[in-house]
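The block underneath contains the structure these notes are about, expressed in structure tokens.
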Amino acid sequence: MPYSFIEIEEKKTKVIGFLFVFIILFYFLTAYLILIVLENTSGFSCVAEGVRGCFALPSWQHTLAALAVALIIGLLHWWTSTSNLIDKICGLIGALPVDPKDTYHQYLKNIVEEVSVAIGGRPLEAWVLPSVSMNAFALEDFNGRAVIGVTEGLLTRLSRSQIEAVVGHEAGHIISGDCLSTTVTCALAEIYEEGSTHLALGLKRRRGRGSGVLVLVYIILAIMRFFSSLIRYFISRQREYRADAVAVRLTRDPLSLAEALKLISSNWRGSGAQGERLQSIFIMNPVPSALDEKEGVFSDMFSTHPPIKNRIGILLNMAHLDEKSLEENLKNFKRASPVAEIETKMEGPDLDRQWFVFMGQQWQGPFAVSELKNMPALTPEDWVRPQGSESVIHAYEDKALLGLFSKDAGSGDKEKFLCPHCKVSLEEVTYEGAPVLKCNYCQGVFVEEGKVSRILIRQDKHFSVEIARLGKTLISEKQKFQAKQGTDNVWVFDCPACLRKMLRQFFVYSYPVEVDRCAYCGGTWFDKYELDILQYLFENKEIFFKQGLT
Amino acid sequence: MIILLILLAAILLIAGWFFTTYNSLVALKVRVENAWSQIDVQLKRRHDLIPNLVEAVKGYMSYEKDTLERVIKARNQAIDASSIKDKAQAENFLSSTLKSLFAVVERYPDLKANQNVLKLQEELTSTENKISFARQYYNDEVGRFNTQIQIVPGNIVAGAVGFAQRDFFQIEDKTEKEAPQVKF
């Protein structure tokens, strides 16, 4: 460990203290600047002292007043931006806590818990950023609450050991003590950005009324903005190297971290719409800049992340490998999916099958799967006979029936969502790890808001030829479909979640899959195959683009 | 008089030194014990998970009764073990039987498509990882403690108050660090 715990604590308070002094000093300078401008333009002090046309510095009483104002504003600023630190920043970048029903999120939670064990049992929270990109971040607040977050894209594209290495890196930030100062810095800098944006808007609205004071304030805010970008440079690049070292010490696996860094850097690393101001909380700068890849005093000062080449180089050195073999390894890289791979087939044969059931001392039926589902008396030990067959078997011996017993046991009291087509209750299943509600009759699925993007990002499913054909037809005949769209608003189905009418529309303009969407809760209803087709289109969008279809 | 004062000062100095060394040793010892309880939690979790996994795969694997029975037996042995050395041995044996179970699971395509089994397997893999991390942390702490009570001046204090060296939680083969890597 680079530091003992006491040293870490001391270092932490030192950096935080610096930050605080910096903030106060900065406000004082700003207030002083305003004072100078005010005194020299309105001239009240010059008049009072009987000196005209001079450039006077403010008197010491005024300076003291400015200092007091600076202290109050500084404290207020400090207090507003450091209370509820984590929730605030997570809200800004759009991160969410893990969804316990989601297979992938459970998987991430396991990994974060493992790393928490590795650092000696300090609890870590796992959060997810719903973004296609690959990145990870760590946050810590004054109460010692620590959060590690990764993007959906990273979760789907890296292997278990690579994710473990990335999470280890983030834990490295937390245990080596630089995470808190980074989090505070980001929160402090954030307010200026927001302030100046709001003010700029206010200014625009007032334009033409000749409010000179606002212009003055705006100029000052512009200066503040510049200073706020300076705060960021409190953050040293060295901390990334240190966190890499801790990750290796925890996982004893430098190669996986090198692979992860390589994969992240060669893919798009943005964090979504946000990112620039909060760049320092991420494992890799979300906005790639030429500065990051340079060395020297200037870039050491102004960049928050060290050159990725150096980081990978150090790690490879530890693993006794060179860059070429790393690239060779990654060429054949394929991660094991945490989700059972199921191919979408065009016809579910189980749907048409029916069974006779031996119940109450006699054979009853035939029943379809969905009917058997609603029979609470049916147990795995019961005798069944498939229609058209003479062999009598236990219910658990039939693969199609086995599913009846494993799922949703004991959820009978729960509020039931109804299929908008068939009006039967929907069953909660996972689609590529994300929880969705499925109708067993018509095979349509209802996906709640925010979960469609998860499904689109994940790539566990293989598509059958028929789905591919349908997808291609949709894309190539897009004009025709689009011409049809928009002429009439169709409000047919009731939303299963909130019972309001859903509007039929294309998923998005460029993917002409017709879905029904609830404007109120944001849920989407997909008819049979529609979700598969949409996913097929999304995953193959580059191919379509090359063929000129989109 | 002066000699007496010097003597008193020397005694105070030595006592002060003795107590600070003792305190730092106790702090290390507490950390070792903490680390051990971490391992214990994870081991218990594994013991709880195994019956579930066996139950989930039993229906599919009627021809593999002995593999399953061996896993259950190894689990019961591991629960009964008391000393650290016995425990380490029993847990190693359990790990190896689990490995063979996973190898068997791989031969059954139906199991691979079963989300429930997959989920249990992920849980178990995660627990294996947690065990190895907890062990790593424990061994690090034990290493630190053992070093401190062997080097001068720690050995004097440790000898006086009777701190004994702790056992490492050993693993048999070096490749075992990777918990059963289950690939489907």
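Quick one: is A:E432 more than 16 Å from A:Y529 (Cα to Cα) and either in contact with a His (Cβ under 8 Å, 6 or more places away or on another chain) or in contact (Cβ under 8 Å) with a residue 40 or more places away in the chain (or both)?
Answer is no for this residue.
For segment A:435-455, which residues satisfy the criterion of being over 13 Å from A:E530 (Cβ atoms) and either within 14 Å of chain B (Cβ to nearest Cβ) or under 25 Å from the mean Cα position of the chain (by Cα) (or both)?
A:P435, A:L437, A:E448, A:E449, A:G450, A:K451, A:S453, A:R454
If I go through segment A:118-130 residue by residue, how many of them are β-branched (V, I, T) and out of contact with any Ser or Thr (no Cβ under 9 Å at 6 or more places or on another chain)?
So the count comes out to 1.
Exactly one of these conditions fails for B:E122: (1) closer than 25 Å to B:D66 by Cβ; (2) within 12 Å of chain A (Cβ to nearest Cβ). Give me its number.
Unmet for B:E122, out of (1) closer than 25 Å to B:D66 by Cβ; (2) within 12 Å of chain A (Cβ to nearest Cβ): (1).
Just the residues that are of a type in the set (K, R) and within 9 Å of chain A (Cβ to nearest Cβ), please, taken from segment B:92-113.
B:K112
Which condition breaks for A:E114 when tested against (1) more than 19 Å from B:Q42 (Cβ to Cβ); (2) touching a helix residue (DSSP H, G or I) at 6+ places or on another chain (Cβ under 8 Å)?
(1)
Among the strands (runs of 3 or more DSSP E) lying completely within segment A:54-160, list those that include at least 1 residues that are touching a residue at least 40 places away in the same chain (Cβ under 8 Å) and touching a Leu at 6+ places or on another chain (Cβ under 6 Å).
Fully inside segment A:54-160 and qualifying: A:136-140, A:146-151.
Would you check which residues across segment B:26-59 are farther than 24 Å from B:S82 by Cβ and surrounded by fewer than 18 Cβ atoms within 10 Å (Cβ to Cβ) and list them?
If the condition is that a residue be farther than 24 Å from B:S82 by Cβ and surrounded by fewer than 18 Cβ atoms within 10 Å (Cβ to Cβ), then B:V26, B:A27, B:N52, B:E55, B:K58, B:G59 are the ones that fit.
Using the structure shown, decide if B:Q89 is polar (S, T, N, Q) and either within 30 Å of A:E432 (Cα to Cα) or surrounded by fewer than 16 Cβ atoms within 10 Å (Cβ to Cβ) (or both).
no
Looking for something of a type in the set (S, T, Y), more than 19 Å from A:A187 (Cβ to Cβ) and at pLDDT below 75 - is there at least one such residue anywhere in segment A:301-316?
So far as segment A:301-316 goes, yes, one or more of its residues are of a type in the set (S, T, Y), more than 19 Å from A:A187 (Cβ to Cβ) and at pLDDT below 75.
Take the residues in segment B:27-76 that are within 11 Å of chain A (Cβ to nearest Cβ) and over 25 Å from the mean Cα position of the chain (by Cα), then tell me which one is nearest to B:V142 (Cα to Cα).
Once the filter is applied, the top-ranked residue is B:A56.
If you check A:A68 against the conditions, is it within 14 Å of another protein chain (Cβ to nearest Cβ) and over 13 Å from the mean Cα position of the chain (by Cα)?
Spelling it out, it is not the case that A:A68 is within 14 Å of another protein chain (Cβ to nearest Cβ) and over 13 Å from the mean Cα position of the chain (by Cα).
Note down all Cβ pairs under 7 Å where the first residue falls in segment B:129-147 and is more than 23 Å from B:S95 (Cα to Cα) and within 10 Å of chain A (Cβ to nearest Cβ), the second is assigned to a helix (DSSP H, G or I) and not aliphatic (A, V, I, L, M), and they're at least six residues apart or on different chains.
What qualifies is B:E141/B:R31.
Is it true that B:N116 is away from chain A (no Cβ under 14 Å) and out of contact with any Phe, Trp or Tyr (no Cβ under 7 Å at 6 or more places or on another chain)?
So B:N116 fails the test.
Return the residue satisfying two criteria in turn: it lies in segment B:105-139 and is at pLDDT below 80 and either at positive phi or β-branched (V, I, T) (or both), and of such residues it is surrounded by the most Cβ atoms within 10 Å (Cβ to Cβ).
The extreme case among them is B:V105.
Go through segment B:107-122 residue by residue and tally those that are assigned to a helix (DSSP H, G or I) and over 18 Å from B:L49 (Cβ atoms).
3
Quick one: in segment A:508-529, which of the residues that are closer than 17 Å to A:G444 by Cβ and free of Cβ contacts under 8 Å to residues at least 40 places away in the same chain is surrounded by the most Cβ atoms within 10 Å (Cβ to Cβ)?
A:V513
The values are calculated or read from the model by the stated rules, or taken from the named source; none is laboratory data. As the structure is a computational prediction, the values presented were derived from the model and not from experiment. So basically every Cβ, Gly included, is an ideal-geometry build from the backbone, and we count neighbours across all protein chains shown.
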